[in-house]
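Here is the structure we will look at.
Computed from the coordinates by the stated procedures, all read-outs in this text should not be read as laboratory data. Predicted, not measured: the structure shown is a model, and the values here were computed from it. So basically every Cβ, Gly included, is an ideal-geometry build from the backbone, and we count neighbours across all protein chains shown.
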Amino acid sequence: MPRPEESVVRLRDVRVDLEGHRALDGVDLDVHAGRLTAVIGANGSGKSTLVSVLAGLRAPTSGSVQRRPGTAVALVAQQTDGSARLPLTVTDLVTMGRWRERGAFRPLRRSDRDRVAEAIDAVGLARLARRPLGALSGGQRQRAFVAQALAQDADLLLLDEPTSGLDDASRRAAASALRVATGRGAAVVVVTHDLGELGEVDEVVMLAEGRIGASVMRGRSLENVSSVEG
């Protein structure tokens, strides 16, 4: 796990062209360990493209992306109704988060099982741990995927609108779980449309037409900067 405040990923003059459109244009960004960073902006501003670059899923057209050596990344994308058809329980899904470290076919250690239980509890699903995903609400399934990411103990946790459409209880549980991750030193980046759903954050990055228009509002509640996006 990186040291607090250490840069986990550094973007310099990053440009991404998609089908003739410049999705990111000259982006400079440092993502630090132990910080919760919210990324905001209108639809089409480049938020999801930024996440894909940070995750290493998309190479920039130009510019540089530097990652701390050995950085492990966990990505939570927006869920679809198809996740309800997965023949898995909550525990099954979250246990898959340990595969990066243990492999898919090696038995779990007691410490792995404890980590899975802790991640499920962090998102408030302990009483539903044995419930099939198909028996959960959409918000509960999304929280289960957040728990899976937590169980990976990744250095960089990326979430693309993880609380979109969730009820208040699910939002609070997800936000609390993300603080668990930053508390152990992970860098957490969350794309969001709702500036109030995460409570206190360490940084806010606002994207507009592929460029960073404003950033760094450390230690302030998102509810206090709700005018930024509008």
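With each label point set 7 Å from Cα along the Cα-Cβ vector, what nm distance links Glu19 and Arg127?
4.5 nm
Taking each pair of different alpha-carbon atoms in segment 143-189 once, compute 1/r for the pair, average those values, and report the inverse of that mean as the Kirkwood hydrodynamic radius in Å to one decimal. Mind showing how you got there, number by number?
Working: mean 1/r = 0.0933 Å⁻¹.
Every distinct Cα pair counted, the radius reaches 10.7 Å.
Could you state, as a whole-number percent, how many of the C-alpha pairs of segment 24-168 are farther apart than 26 Å?
30 percent
What's the magnitude of the charge dipole for segment 7-218 around its Cα centre, counting Lys and Arg as +1 and Asp and Glu as -1 at the beta-carbon? Answer in Debye, nearest 20. Working shown, then result.
On the way: 29 positive and 25 negative charges, 184 e Å.
It comes to approximately 880 debye.
Counting Lys +1, Arg +1, Asp -1, Glu -1, what net charge surrounds Arg113 among other residues with beta carbon under 15 Å of its beta carbon?
Surrounding charge for Arg113 is 0.
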